[in-house]
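Visitor: First the structure, which I've put down as structure tokens, then a few questions once you've had a look.
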């Protein structure tokens, strides 16, 4: 990857790690809530079942969010790779063109030196 992408990649990696940590902590919170309520002797079984369903729904939503975020970052990385390849190709073509343009100039300079 070129220099511009080298600068932005650590920022994106930090964002990705932060989001993954946030989602992981949310899932852990829901799991801990489920464990807490499961052991609550004061809550009737119907209440525990309703709470477990609620926890499962929220955990599932967090997992869906995690998958969506992962797909988004994967897509972003592919886009960066394509852009970097395009830039490399254009740079290579530009360098070849410059080289081709310099060759005639060098020949002309050598011819002038020989004539002098």
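Visitor: Here is a check on your reading of the model: is residue 55 touching a helix residue (DSSP H, G or I) at 6+ places or on another chain (Cβ under 8 Å), touching a residue at least 12 places away in the same chain (Cβ under 8 Å), within 30 Å of residue 7 (Cα to Cα) and assigned to a helix (DSSP H, G or I)? Write out each step before concluding.
Guide: Working: touching a helix residue (DSSP H, G or I) at 6+ places or on another chain (Cβ under 8 Å): yes; touching a residue at least 12 places away in the same chain (Cβ under 8 Å): yes; within 30 Å of residue 7 (Cα to Cα): no; assigned to a helix (DSSP H, G or I): yes.
Judged against the criteria, residue 55 is not a match.
Visitor: Inspect segment 75-85 for any residue being more than 25 Å from the chain's Cα centre (by Cα), at pLDDT 75 or above and either loosely packed, with under 10 Cβ neighbours inside 10 Å or under 30 Å from residue 11 (Cβ atoms) (or both) and give the result as yes or no. Step through it out loud before you land on a result.
Guide: Step one: of segment 75-85, the residues more than 25 Å from the chain's Cα centre (by Cα) are none.
Taking every residue of segment 75-85 in turn, none turns out to be more than 25 Å from the chain's Cα centre (by Cα), at pLDDT 75 or above and either loosely packed, with under 10 Cβ neighbours inside 10 Å or under 30 Å from residue 11 (Cβ atoms) (or both).
Visitor: Hey, could you check segment 33-48 for residues that are modelled with pLDDT under 90, part of a helix (DSSP H, G or I) and out of contact with any helix residue (DSSP H, G or I) (no Cβ under 7 Å at 6 or more places or on another chain) and say which is nearest to residue 61 (Cα to Cα)?
Guide: The selected residue is 35.
Visitor: In this structure, does residue 94 turn out to be surrounded by 10 or more Cβ atoms within 10 Å (Cβ to Cβ), more than 30 Å from residue 16 (Cα to Cα), under 31 Å from the mean Cα position of the chain (by Cα) and modelled with pLDDT under 90?
Guide: Working: surrounded by 10 or more Cβ atoms within 10 Å (Cβ to Cβ): yes; more than 30 Å from residue 16 (Cα to Cα): yes; under 31 Å from the mean Cα position of the chain (by Cα): yes; modelled with pLDDT under 90: yes.
Judged against the criteria, residue 94 is a match.
Visitor: Looking only at residues in segment 1-24 that are in a helix (DSSP H, G or I) and at pLDDT below 85, which one is surrounded by the most Cβ atoms within 10 Å (Cβ to Cβ)? Working first, answer last.
Guide: First, pick out the residues of segment 1-24 that are in a helix (DSSP H, G or I): 3-24.
Those left that are additionally at pLDDT below 85: 3-9.
Working: 3: 7, 4: 12, 5: 15, 6: 10, 7: 10, 8: 11, 9: 13.
Looking at the filtered set, the residue picked out is 5.
The values are calculated or read from the model by the stated rules, or taken from the named source; none is laboratory data. Owing to the predicted nature of the structure, the values given are computational and were not obtained by experimental measurement. Using ideal geometry, Cβ is built from the backbone for each residue, glycine included, and neighbour counts are taken over all protein chains shown.
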